Protein chains: 2
Amino acid sequence: MSLLTVGTVAFDSIETPYGKAEKVIGGACTYISWAASYFTDNIKLVSIVGGDFPADELRQMEQRGVNLEGLKIVNDKKSFYWSGKYHDNMISRDTLVTELNVLADFDPVLPEAYRDSEYIMLGNLTPAIQISVLDQLRSKPKLVVLDTMNFWMDVAMDDLKKVLTRVDVLTINDEEARQLSGEYSLVKAAEIIQNMGPRYLIVKKGEHGALLFHKSQIFFAPALPLAFVEDPTGAGDTFAGGFIGYLAKTDDTGFENIKRAIIMGSVMASYCVEAFSLDKLKSLSQNDIAERTDAFRKMVHFDIPG
Amino acid sequence: MSLLTVGTVAFDSIETPYGKAEKVIGGACTYISWAASYFTDNIKLVSIVGGDFPADELRQMEQRGVNLEGLKIVNDKKSFYWSGKYHDNMISRDTLVTELNVLADFDPVLPEAYRDSEYIMLGNLTPAIQISVLDQLRSKPKLVVLDTMNFWMDVAMDDLKKVLTRVDVLTINDEEARQLSGEYSLVKAAEIIQNMGPRYLIVKKGEHGALLFHKSQIFFAPALPLAFVEDPTGAGDTFAGGFIGYLAKTDDTGFENIKRAIIMGSVMASYCVEAFSLDKLKSLSQNDIAERTDAFRKMVHFDIPG
């Protein structure tokens, strides 16, 4: 199935207690596309970069099946740039620099060939842009997944609530689920959020895994405990990419398959954090993915005789 | 199999954002015994209380198969008393009052009939007391489980390390695992802690579940997301009680059965937190336990075709 992904393609500078990476490739759409590319080669990307973005990076994505007709290149401007420094726990972080650059003018226009896409991944962006993308679709997609963050709840809650009515799956973290719903209990929060639109809520808890809520059903996918995390940047986007990539491949949006997709997202994210930027994510084999899927299965499987 | 449990039997006063309970029944050994009593009626309790502890509470425990020959009652003194107030997240809490009372003189003497116990649950206490209990055993037990906390790492690390060499299973939380090992990564921490003695490490993460480490194997048991948590006090002890109770019943200390025991501990803990004190834990049916075990199974089960 065709997969449309919208979000940033950017540069990051990252500092962790264990190392530094200066102006490396980042951006939600980049991580999403690379992760999804292990499941499907029918990916349509919508984003914007400056003239400073390496042509070779774009060529590599095209070779993975990512269509870049929807990528606007503004030659006389610079790409979006984010710089951050992680605390010792490798979870909380300080933003050091945010240079919007081309992103300030991002007003995505979907190419004709994109408008019948069936699986839509709206990366974390202004809710108004996410709405505009949905408005440009010609036919009702099979599944719309939206990622967002607390910032948009603070400054654009009305728009966010508007786009949520058109979304099937929302991915946010536990604090954001509490903020969006006004409820501390995630069970109650999930009920309220499902009433806002999304029939699936995925609560991402980083090293504590991810929870899926759907009606009264709950599924839990752990995060794989890793001996070494080099850089958590992009883990959430990689999760989203693996998730929707698997769904686009299998074309089944039922609860059981959504569970499988969450495991595949978790598998991809577990590789993402083992290296800076896309260093690990670019060089996986199908065997790597199968092996780690098996590790996830073993980690949660139990059998209690009745 | 015979189960020996050592720890506090006490009073708690608890305040949460949702309610208050004044001088209710608490204590690690109380929670452990009640939780274990759903799996075995051969429980030997070692603890100390004052003359103020209600005889009816003791009678109820005896009716559940808890032998109280090892409970010292000091008539002219008061029982251990703890008072605490939970923050809005229902996880972090402030201790308001700690009155050691009889606990200050606790020097457990094991009755003759206790000294051949096969499953040993050492609740959170001074490591010196935990050592003294092990010293009084006549035969090598089948499994020794030890619970401890950061306080003992701060004030009695040498004794703690001594007792750890004689322990099969250690249960601590993630911060304590990091403190004990000096490693942030739980995978590395688990390796170091296993080298200190325990062949199984259980890392309790509260609402984020529990991780089991054994050699290079990892098992993850989620916590059940609950619509309402009334009082988290005793959840860790209830977990431990369900865990060792199930092991004493099934008499199998292999990895697969330890996994099952962790699920049973999680099931019991999920009930514990739904009410103050032992209010919920005292009135469960085997059907309640089976139902929730099934909820845990459903929550993590997935099947990905190869």
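Rule-based calculations on the coordinates, nothing more; no lab input. None of the values given here were measured: they were computed from a predicted structure. Glycine gets a Cβ as well: all are built from the backbone with ideal geometry, and neighbour counts include every protein chain shown.
Of note:
- Ascending count of other beta-carbon atoms within 10 Å, so fewest first, for B:Tyr184, A:Tyr81, B:Tyr200: B:Tyr184, A:Tyr81, B:Tyr200
- Label point of A:Glu256 (7 Å along Cα→beta-carbon): distances to the other copies' equivalent points are 2.4 nm, sorted ascending.
- Mean residue ellipticity at 222 nm, helices only, chain B: -10500 deg cm²/dmol; runs of at least 4 DSSP H residues each add -39,500 (n - 2.57), and the sum is divided by the number of residues.
- Ratio of the Cα radius of gyration of region B:164-220 to 2.2 N^0.38 Å, where N counts its residues: 0.98
- Here is the size of region A:181-283 from its Cα atoms: Rg then Dmax, 14.3, 42 Å.
- Estimated dipole of chain B in Debye, rounded to 20 [Cβ of Lys and Arg +1, of Asp and Glu -1, Cα centre]: 660 debye
- The charge dipole of the protein assembly as shown, taken about its Cα centre with unit charges on the Cβ of Lys, Arg, Asp and Glu (plus for the first two, minus for the last two), comes to roughly 960 debye.
- Karplus-derived 3J(HN,Hα) values for region B:262-268, using 6.51 cos²θ - 1.76 cosθ + 1.60 with θ = phi - 60°, are 5, 4, 5, x, 5, 4, 5 Hz; glycine and proline are entered as x.
- Label-point spacing at A:Tyr184 relative to the other copies reads 2.8 nm, in ascending order, each point sitting 7 Å out from Cα along Cα→Cβ.
- q = 0.07, 0.11, 0.16 Å⁻¹: log10 I(q)/I(0) that the Debye formula gives for chain A, counting C-alpha atoms only: -0.24, -0.62, -1.44
- Using the Cα coordinates of region B:1-48, the gyration tensor eigenvalues translate into equivalent-ellipsoid semi-axes of 26, 12, 6 Å, sorted from longest to shortest.
- Test item: Cα-centred dipole of region B:142-186, Lys/Arg +1 and Asp/Glu -1 on Cβ, debye: 260 debye
- Based on the convex hull around the alpha carbon atoms, region B:1-132 presents an average projected area of 8.5 nm².
- Nm distances between copies for B:Pro17, ranked from closest, using label points 7 Å along Cα→Cβ: 2.9
- Whichever lysines have a C-alpha closer than 24 Å to that of A:Lys20, once near sequence neighbours (fewer than 8 apart) are set aside: A:Lys78, A:Lys85, A:Lys280, A:Lys282, B:Lys188
- Farthest positive-ward along the protein assembly as shown dipole, Cα basis, beta-carbon charges - from A:Val109, B:Gln60, B:Phe302: B:Phe302
- D (Stokes-Einstein, µm²/s), Kirkwood Cα radius, region A:232-279, 1.002 mPa s at 20 °C: 201 µm²/s
- Sum of side-chain charges, A:Gln63 neighbourhood, beta-carbon under 13 Å (Lys, Arg +1; Asp, Glu -1): -1
- Using a cutoff of 8 angstrom between alpha carbon atoms and counting only pairs six or more residues apart, the relative contact order for region B:100-204 works out to 23 percent.
- The residues packed around A:Tyr38, meaning those with a beta-carbon under 15 Å from its beta-carbon, carry a net charge of +2 if Lys and Arg are +1 and Asp and Glu are -1.
- Options B:Val267, B:Gln217, B:Gly234, ranked by Cα towards positive dipole end of region B:3-300, top entry (Cβ charges): B:Gln217
- DSSP beta bridges fully contained in region A:3-300 are about 40 percent antiparallel.
- Isotropically averaged projected area of the protein assembly as shown, using the convex hull of Cα atoms (one quarter of hull area), nm²: 26.8 nm²
- Overall Cα dimensions of region B:108-228, principal axis frame, Å, largest first: 43, 33, 28
- Taking other residues whose beta carbon is less than 9 angstrom from the beta carbon of A:Gly123, and scoring Lys, Arg as +1 and Asp, Glu as -1, yields -2.
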